[in-house]
1. What ranking do VAL15, VAL68 get, fewest neighbouring Cβ atoms within 10 angstrom at the top?
2. Pull up the cross-link candidates among the lysines for LYS60, meaning alpha carbon to alpha carbon under 23 Å and not fewer than 8 places away within one chain.
3. Which length gain, in nm to one decimal place, applies between THR98 and LEU86 when the Cα-Cα distance is subtracted from 0.36 nm times their residue separation?
4. I need the shape label for the range 1-116. Rule: rounded when a/c is under 1.5, else prolate if a/b > b/c, else oblate, with a, b, c from the alpha carbon gyration tensor.
5. Full extension from LYS60 to ARG133: what is 0.36 nm times the residue separation minus their Cα-Cα distance, to one decimal in nm?
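Read-outs throughout are calculated quantities, based only on the coordinates presented, and are distinct from any laboratory measurement. Here the structure is a predicted model, which is why all the values come from computation and not from measurement. FYI the Cβ positions are ideal-geometry reconstructions off the backbone, even for glycines, and counts take in every protein chain you see.
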Amino acid sequence: METVTKRLYEAMFLVDTALAASDWQGVNDTIGQVLAKADADIVSMKKWDERRLAYDVDGKSRGTYILVYFRCDTDKITDIERSVRLSERIMRVLVLRTDRMSADDMNKQTPLEEVESSDAAAVEAARARAEARRLSEEEEDNKDEIDDDDFDDTDEQDNQ
């Protein structure tokens, strides 16, 4: 009896951006079906980024990349690549063996996640600046009120 060793692979799937935007769950399901047909165990699947393509692929100039880590028998990789070529939803795939990849490496932020986190940090920084500006303006208003009170006291003393 032959034992099957499932190795860790990294696959970068390219799909049409318009299709990904309109039917994200359908795209994920298609990739899942391709991998399930090859008896692959998905470790991680996430949207990597949306980019302008260097050249048109299937008449499309923009593409969405989906990064998938999975465990699979080596003999099934050609089946995955053939299924992608026959698929109307997936434009391209690149599969690499990544036996030495750690869980930390797989969980690193994708370019999309970096942008989203930096956008969130920028929004938070803008809120903090606005709050500091508001507090500064309140202090100026309070200072002006105190100066006005001092001026009023001086007027009263002059009148007496």
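1. VAL68, VAL15
2. LYS46, LYS47
3. Extra length available between THR98 and LEU86 comes to 1.8 nm.
4. oblate
5. Contour length minus the Cα-Cα distance gives 21.6 nm.
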